[in-house]
Amino acid sequence: MGKYWHRGSRHAGIRTSVPQRICAFGALGVLLASAPSARAQASVTLYGLMDTSIETTNPGGGWVSRMDSGAYRGSRIGLRGSEPVFEGTSILFALESGFSTTDGTLTTPGTLFSRQAWIGAGGGWGQVRVGRQYSPIYIPFKGTIDAFGAGTIASGLNNFSKITPYLSDAITYLSPTIAGFNATVMASLRESSDNDGNGLAGNIETVTYRHGPVLLAYAHQQTHGSGALRTNIAGASYEVKKATLFADWFNDAGAGKPAFHNDGFAVSLRYAFTPVFDASLGYAYVRDRSGKANNADQFSAMCDYSLSKRLQFYASAGWLRNRNKATFTMRGVNVTGLPPTWPGAPVRGVQIGMINRF
C-alpha cells in the first residue's frame, strides 16, 4: 500500500490530496471494523443441565430409597452452533451427551452423543435436521400438554403412554409457525440388518395449534423392527388467569414381548401462586385393550420453585393402582421405575429434586 499513498505520489494519473487520504483511511477502518462483526454472527454454545433427585418408593413390598438422575429433565452436556451461509438461512448443528449425575457414567454405555448428533439448516422457512435426534413427541411436545411437564414420578401421561424418545439416521423438517399452526415430520432410515419396514425404521408426525390461551396438539408415531411401536397422542391446554388446565388421550400398540395394546387419558391442573412457584394435581387412567383387564390409574401432585433462571427445585408424589396383573410403575424422563413387587401391586412414592442449568 505504501507506494500508492506517499505524499504527492500519482497512481493511474490521479493525484491524492491529504483530505482524500484521510477519507480513504477512514473507509478502510470501517471495513476492517465490520469484518469481525460479520464473522461474529457464527456462534457455538456450550450448555448443560444437571437433574438430581432423592426418591422413596414403595412398589408393594416395602419402601425403597434411591438417588436418581434425570427424573424431571435428562442430565446432559452439549454443543450447539449456528453459522449464516446466506441471507435468511444458517447451518445448524447439535451434539448432546447424556450422563448420570449420581455416578458420572454415560446414559448409554459406549455412546458419547446418545441424545443428539445432527447437522442441518434453518431460516424463516423452518428447519431441516439430519442425524440422531429427539423424537418430535418427546418432552417439547408431551411437556406442553401435561401439568407435570411429562416428567418425574407424578406424570401419569409419561408413566402410561409409550414413545421412542430418540431416533438415529433420522431426517426431520420443522415448520415455522403459520397462523398459529406448526408441524414436524420425521423419518428414520432402517439398519441394513432390519428386514422389516419399507426402508424406514419409523416415521413421526406432530401438529400443534395455539390461539390465545388455547393449545391443541396431536402426534403419531410408527416404528418398525423388533421394537415396533404405534402411538397416537392428542392433548389440549387452556389458561385461565393463574391456572392452566390440561387434558390428554393416548393409544399405544407394541409388538414387543409381551405385545400390548393400551389406551387412556390424563387430566391435570397447574396453578401459579407466584411467577416462580406453582403446584399441580392430576389423574391418569390406562386401559388394557387386549381383553385381560390389566388396567391402572394414578393420582399425582407436584410443586416446583425457581430460585433463579438456572436453579429449580421440585417435589412430586404419586399413587399408582395396578389392576388384575398390570405391572405399570412410576418412572422419570431418564429414570427406570421400580417394578411392582408382584403383578397388580400398587406403587406409591415421593421425590425431591433439583435442576441446575448452565
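The values are calculated or read from the model by the stated rules, or taken from the named source; none is laboratory data. This structure is a prediction, so every number in the text was calculated from the model and none was measured. For neighbour counting, all protein chains shown are included, and Cβ atoms are generated from backbone atoms with ideal geometry for every residue, glycine included.
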Legend entry - Conditions (1) modelled with pLDDT of 95 or more; (2) more than 22 Å from Tyr271 (Cα to Cα); number of the one not met by Ser290: (1)
Inset, instruction - Would you please name the residue that is farthest from the chain's Cα centre (by Cα), looking only at residues in region 203-230 that are surrounded by 15 or more Cβ atoms within 10 Å (Cβ to Cβ) and over 20 Å from Leu174 (Cα atoms)? - result: Gly225
Legend entry - First in region 313-329 and assigned by TED's automatic domain parsing to the domain that holds Phe277 and on the phi > 0 side of the Ramachandran plot, second anywhere and surrounded by fewer than 19 Cβ atoms within 10 Å (Cβ to Cβ) and charged (D, E, K, R), Cβ under 8 Å, 6 or more apart: Asn324/Lys292
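Quick grid of which residues meet (1) over 20 Å from Arg80 (Cβ atoms); (2) touching a Lys or Arg at 6+ places or on another chain (Cβ under 8 Å):
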{"position": "Phe113", "(1), (2)": "no, yes"}
{"position": "Gln116", "(1), (2)": "no, yes"}
{"position": "Gly120", "(1), (2)": "no, yes"}
{"position": "Val128", "(1), (2)": "no, no"}
{"position": "Ile145", "(1), (2)": "yes, no"}
{"position": "Asn158", "(1), (2)": "yes, yes"}
{"position": "Tyr166", "(1), (2)": "no, yes"}
{"position": "Leu174", "(1), (2)": "no, yes"}
{"position": "Phe181", "(1), (2)": "yes, no"}
Inset, instruction - Looking at (1) among the polar types (S, T, N, Q); (2) buried (at least 17 other Cβ atoms within 10 Å of the Cβ); (3) more than 19 Å from Thr208 (Cβ to Cβ), find the lone condition where Gln133 falls short. - result: (3)
Legend entry - Residue satisfying all of: in region 326-347; assigned to a loop (DSSP other than H, G, I, E, B) and aliphatic (A, V, I, L, M); surrounded by the fewest Cβ atoms within 10 Å (Cβ to Cβ) among these: Ala345
Inset, instruction - Confirm whether Tyr238 is under 23 Å from the mean Cα position of the chain (by Cα) and assigned by TED's automatic domain parsing to the domain that holds Met50. - result: yes
Inset, instruction - Only residues that are out of contact with any Asp or Glu (no Cβ under 9 Å at 6 or more places or on another chain), in contact (Cβ under 8 Å) with a residue 24 or more places away in the chain and farther than 22 Å from Arg331 by Cα: list them for region 277-292, please. - result: Ser290, Lys292
Legend entry - From the options Leu95, Leu157, residue that is under 18 Å from the mean Cα position of the chain (by Cα), under 30 Å from Asp297 (Cα atoms), outside any loop (DSSP other than H, G, I, E, B) and at pLDDT 95 or above: Leu157
Inset, instruction - Sort out which residues of region 110-168 are basic (Lys, Arg) and closer than 17 Å to Ser97 by Cα, and write them in order of number. - result: Arg115, Arg132
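Being exposed (fewer than 13 other Cβ atoms within 10 Å of the Cβ), at pLDDT below 95 and part of a helix (DSSP H, G or I) narrows it down to one of Gln41, Gln20, so name that one.
Numbers: Gln41 fails: part of a helix (DSSP H, G or I).
Answer to the selection: Gln20.
Quick one: which of Gly61, Gly81, Gly74 is more than 15 Å from Phe99 (Cβ to Cβ), in a loop (DSSP other than H, G, I, E, B) and in the same structural domain as Trp125 (by TED's automatic domain parsing)?
Matching residue, one of Gly61, Gly81, Gly74: Gly61.
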Legend entry - Index of the failed condition, Ile352 passing every other in (1) under 28 Å from Tyr47 (Cβ atoms); (2) of a type outside the set (Asp, Glu); (3) part of a loop (DSSP other than H, G, I, E, B): (3)
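Mind telling me which of the residues Ser69, Ser82 ends up being surrounded by 14 or more Cβ atoms within 10 Å (Cβ to Cβ) and farther than 30 Å from Gly344 by Cβ? Reasoning before the result, please.
Numbers: Ser69 fails: farther than 30 Å from Gly344 by Cβ.
That would be Ser82, the only listed residue that is surrounded by 14 or more Cβ atoms within 10 Å (Cβ to Cβ) and farther than 30 Å from Gly344 by Cβ.
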Legend entry - Cβ pairs under 8 Å, 6+ apart, first in region 259-270 and over 16 Å from Phe328 (Cβ atoms), second of a type in the set (Val, Ile, Thr) and in a strand (DSSP E or B): Leu269/Thr244; Arg270/Thr244
Inset, instruction - Give just the number: which of (1) more than 16 Å from the chain's Cα centre (by Cα); (2) of a type in the set (Phe, Trp, Tyr); (3) closer than 20 Å to Thr223 by Cα does Tyr138 not satisfy? - result: (1)
Inset, instruction - Check Tyr271 against each of (1) surrounded by 15 or more Cβ atoms within 10 Å (Cβ to Cβ); (2) out of contact with any strand residue (DSSP E or B) (no Cβ under 6 Å at 6 or more places or on another chain) and name the one condition it does not meet. - result: (2)
